1. With every protein chain in place, what's the accessible area of Ser45 (1.4 Å probe, Å², nearest 10)?
2. Could you identify which residue out of Ala193, Ala86, Ala114 has the top mean-square fluctuation in a GNM of the chain using Cα springs shorter than 10 Å?
3. Which entry in (i) 194; (ii) 134; (iii) 155 matches volume of the Cα convex hull per residue in Å³ derived from the coordinates of this structure?
4. If you plug each phi of the stretch 191-196 into the Karplus form 6.51 cos²θ - 1.76 cosθ + 1.60 with θ = phi - 60°, what whole-Hz ³J(HN,Hα) values come out, in order, with x for Gly and Pro?
5. Which sequence of Trp60, Trp100 reflects their accessible areas, 1.4 Å probe, from the largest down?
6. What accessible area per residue comes out for the stretch 186-254, rounded to a whole number of Å², with a 1.4 Å probe?
7. Among residues other than Ala113 whose Cβ falls under 15 Å from its Cβ, what is the net charge (Lys/Arg +1, Asp/Glu -1)?
8. Using only Cα atoms, tell me the angle between helix 242-255 and the longest principal axis of the chain; keep it within 0 to 90° and round to the nearest 10.
Amino acid sequence: IRKEKSAAVFGETFPDSELAPETLYLVAQAYQEQRKFRDAVDVYSQLLDLYPDHSLAARWRFTKGFNLAMLEQYDEARNDFERFRADYPGHPLGTQAALWHALTHHFEGNYDAALAELLPLAELSQGHRLYPEIRYRIATATYGNRNYEEALVLIDAYLEEFPMHQRAPEAVVLRGDILMGLGELIEASTAFAQVTPEAGGLFPYAIFQRGKIFKALERYDLMIDHFREYIDREDLESKPRVGEALYWLGWGLLQS
């Protein structure tokens, strides 16, 4: 019997045991790690129903909301984050719950609603470990609203203040996209050129964004050299979209 099944059986068989909440919590965590978010939500709901006064109830409530967000059930997720903030004011996860509440709007494409929550949250969260993340999300929501000039100011300020933050590679890519939105194609190409293979999946994205720019500028010579260099690189563990790169290389040769 797998670990989560064994724990579930124990928790259901001995609900009055002092160990039951912890074993069911292990079940929920195992489901979440396996990305079985619906199963995780069901166990967290069970925990909250059976042990509402447990010392871990606040974390269960927050994590239930998180798993619902992963299921893209954003209304239900917001309900849990709102319940968390109402029931546990001053909890260490309070800022994180507020951020995730705002992000559910962001994920739905409702950037105005997201910004309405993110902007005051940033004011209240200066010095908090999540402050750089909140600043980054404000920039992405502003970009989502196609307010490119303001988004550029925001992302430049973010990169200047938090150059080593975990979102910095994404911010560099976002800066390139913003510049493309502004029609500043040369500057956008320069931004995408700063993305390195260490950025993971962002690297091929940046490669193909530069290819789009060279195509738009009708610089087929640059386009050919660009995709040839990508195809010939030997320092990459894998080369996603290499077939697409070969296509655009051939296309560029036909135009030149």
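1. 40 Å²
2. Ala86
3. Read-out taken from this structure: (iii).
4. 5, 5, 5, 7, 7, 9
5. Highest to lowest solvent-accessible surface, that is Trp100, Trp60.
6. 58 Å²
7. Around Ala113, the charge tally is -3.
8. Around 20 degrees separate the two axes.
The values are calculated or read from the model by the stated rules, or taken from the named source; none is laboratory data. Keep in mind the model is a prediction, meaning the values are calculated, not measured. FYI the Cβ positions are ideal-geometry reconstructions off the backbone, even for glycines, and counts take in every protein chain you see. What goes into the accessible areas is simple: the full protein's heavy atoms, side chains included, and nothing from ligands, DNA or RNA. Shrake-Rupley method; radii C 1.70, N 1.55, O 1.52, S 1.80 Å.
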